[in-house]
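Asks: Mind having a look at this structure? Questions to follow.
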Amino acid sequence: MISRKMCLILRAILLNDRANVPNTNKLGYKKGENKMALISCPECNNQVSSTAATCPQCGAPIAEAAGSKAAGAPLTTVQETSKRLKAHIIFSSIIFWIGVVWLFVGINAEKQGGEQSEIPGLMLFVGIVWYIATKFRIWWHHK
């Protein structure tokens, strides 16, 4: 014997009335199924799929595509590095390059009879170690 509920479901299927079939919404999509709609392009007002990354007519980016995983959409990662750590990278690089320049100037001065200072070598070493330590800290604290 067929129940009343089963009769309603069969009737809805036969009449293609998806709104009355259980586990579907009014548009006929099953619950949890990906929904795609046509939206207007903000530039040319052309009808475009909501999952499209860009408009096929004018190439304008579609706002809803940013949140979707459209095929061919490039994935981007954002590295959140504090300004303080970026400043450390800059200062360590400056110290390193000052040490390099001073070392070459000192080598030329030594060839002409002057003395070689140990400060440029120390600046090179400190600059490199500081740079590597800062890069490690950026990697360690990366989210």
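The values are calculated or read from the model by the stated rules, or taken from the named source; none is laboratory data. This one's a predicted model, so the numbers in the text were calculated from it and none came from an experiment. No Cβ is skipped: glycine too gets one built from the backbone with ideal geometry, and neighbour counts run over all protein chains shown. Ligands, DNA and RNA are excluded from the accessible area calculation, which covers all protein heavy atoms including side chains. Shrake-Rupley method; radii C 1.70, N 1.55, O 1.52, S 1.80 Å.
Asks: Does Lys143 meet the test of being at pLDDT below 90, open to solvent by 80 Å² or more (accessible area, probe 1.4 Å) and over 31 Å from the mean Cα position of the chain (by Cα)?
Replies: no
Asks: Considering the range 92-105 alone, what residues qualify as being closer than 19 Å to Thr134 by Cα and surrounded by 14 or more Cβ atoms within 10 Å (Cβ to Cβ)?
Replies: The answer is Ser92, Ser93, Ile95, Phe96, Ile98, Gly99.
Asks: Also, quick follow-up: Would you confirm whether or not the range 62-84 contains a residue that is out of contact with any Cys (no Cβ under 6 Å at 6 or more places or on another chain), modelled with pLDDT of 80 or more and either surrounded by 12 or more Cβ atoms within 10 Å (Cβ to Cβ) or of a type in the set (Phe, Trp, Tyr) (or both)?
Replies: Checking the range 62-84: not a single residue is out of contact with any Cys (no Cβ under 6 Å at 6 or more places or on another chain), modelled with pLDDT of 80 or more and either surrounded by 12 or more Cβ atoms within 10 Å (Cβ to Cβ) or of a type in the set (Phe, Trp, Tyr) (or both).
Asks: Under 9 Å by Cβ, and 6 or more places apart or on different chains, what pairs join a residue from the range 99-112 that is within 14 Å of Met123 (Cβ to Cβ) with one that is assigned to a helix (DSSP H, G or I) and of a type in the set (Phe, Trp, Tyr)?
Replies: Within 9 Å, the pairs are Gly99/Phe125.
Asks: Out of the residues in the range 106-134 that are open to solvent by 100 Å² or more (accessible area, probe 1.4 Å) and in a loop (DSSP other than H, G, I, E, B), which is nearest to Phe91 (Cα to Cα)?
Replies: Top of the filtered list is Glu118.
Asks: If you go through the range 104-140, how many residues are of a type in the set (Ser, Thr, Tyr) and modelled with pLDDT of 85 or more?
Replies: Step one: of the range 104-140, the residues of a type in the set (Ser, Thr, Tyr) are 117, 131, 134.
Filter again for modelled with pLDDT of 85 or more, leaving 131, 134.
Of the residues in that region, 2 qualify.
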